[in-house]
1. ³J(HN,Hα) across segment A:121-136 via Karplus (A = 6.51, B = -1.76, C = 1.60, θ = phi - 60°), whole Hz, x for Gly/Pro?
2. Mind checking the angle between helix A:91-115 and chain A's longest principal axis? C-alpha axes, 0 to 90 degrees, to the nearest 10.
3. Once you charge only the Cβ atoms, +1 for Lys and Arg and -1 for Asp and Glu, what is the size of the charge dipole of chain A about its Cα centre, to the nearest 20 debye?
4. I'm a student and want to see the number: the projected area of the Cα convex hull of chain A, averaged over all directions, in nm².
5. Which of the GluC sites (Glu not before Pro) across segment A:136-240 are loop residues per DSSP, with 16 or fewer other Cβ within 10 Å?
6. What is the dipole size for segment A:124-240, taken about its Cα centre, with +1 at each Lys and Arg Cβ and -1 at each Asp and Glu Cβ, in debye to the nearest 20?
7. Where does chain A land at 222 nm, in deg cm²/dmol rounded to the nearest 500, when only DSSP H runs of n ≥ 4 count, each adding -39500 (n - 2.57), divided by all residues?
8. Among the lysines, which fall within straight-line cross-link reach of A:Lys34, defined as a Cα-Cα distance under 17 Å, with same-chain neighbours fewer than 8 residues apart omitted?
Amino acid sequence: MAETVLTNPGQSPARLEGWRGIAADWASDQRAFKNVSWGKAMMWIFLLSDTFIFSCFLLSYMTARMSTTVPWPNPSEVFALNIGGNHIPLILIAIMTFVLISSSGTMAMAVNFGYRRDRVRTAILMLVTAAFGATFVGMQAFEWTKLIMEGVRPWGNPWGAPQFGASFFMITGFHGTHVTIGVIFLIAIARKVFRGDFDVERRGFFTSRKGYYEIVEITGLYWHFVDLVWVFIFAFFYLW
Amino acid sequence: MTNAAVHMEGQLHAPAHGAVATAAVHAKGQQHPIKLYLVVWGWLFVLSTCSYLVDYFGLHGYLRWSLILLFMILKAGLIVAVFMHMAWERLALAYAILLPPIAVLVFVSIMVLESEYTHFLRVLFFAAPS
């Protein structure tokens, strides 16, 4: 029983691999995730539930788009911008995609430096990631403003199927909320990293438990998931 | 998978021997060479550019859809496997997280049938005569 409450269990030497390993890990009347802390396992399970939420949004969008007899607005044109006199299709969304991928890269670096216990670099990289995330949300606010000015509403738009607005605001709004929460999460953890909480094993004010650099990886899991969701939104909503 | 595990063990043991005792206790997380992340990062940029070019060049039909899906799956796979370290986790965790989304694919196929039926009824009864 004491085994189950350890947050960072030691690695026992011999563990089965493959299907026998799965059966052994799950069937042994003890913790199923042997070398993963509860924090990481719970983040993964939360992300799995979030996967279902975003799947349902994308599914309802697919159903609306497949079943309507009115032509769907062409996203390539809807999200085009005029830059320097040139009409470039979907350029704003492409830039947002690159911003989010850049942030994913800096986050992966932050996790790496976190495990090397390089607190200054970890904190800086996390703040850079948060800055990219904030840029992304800013561009999304610009995009929403532009579309609302052009007359897009959840119940109609000037170009075609009225469900376009509802799908757009629901899907991108929920994703943008996730990015915003991620930025707050990143800043909070970056502050703790920079202060050296995980070097002196300072106890958290709320949980009274010691923190470890693993929290950087858990934050990273959430952040990469936000990027992952954007990959699917980009493919299905903007490119399809 | 076996190679990945061996690779992880190698990465784990290297810092544990040289570092101070406290570092060795907690340095058991996911440690991989920076170069791996940079390479994956570069590929994500390339794949994103590719999927944008699909739209830029205005490809149509099955070519467009298959390319979009291909680039999407490659990007998602890279992010989950390397950035989220799923390639190095034990299979008990990987399968617990990666198998349930298959239910979503079943849901997709159900809703494709359903929306085709709805579309058929709308065309049959409600479409404006043109």
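Since every read-out is calculated from the coordinates, none of them should be taken as a lab result. The structure displayed is predicted, hence computed values, not measured ones. Neighbour counts run over all protein chains shown; Cβ positions are idealised from the backbone, glycine included.
1. Couplings: 5, 4, 5, 5, 5, 5, 5, 4, 4, 4, 5, 4, x, 5, 4, 4 Hz.
2. So the inclination is approximately 10 degrees.
3. Roughly 620 debye for chain A.
4. Over every viewing direction, the Cα hull of chain A projects on average to 17.1 nm².
5. Qualifying residues, ordered by number: A:Glu150, A:Glu201.
6. Working: 9 positive and 8 negative charges, 77 e Å.
The dipole magnitude comes to about 360 debye.
7. -22500 deg cm²/dmol
8. Hits, sequence-local ones excluded: B:Lys28.
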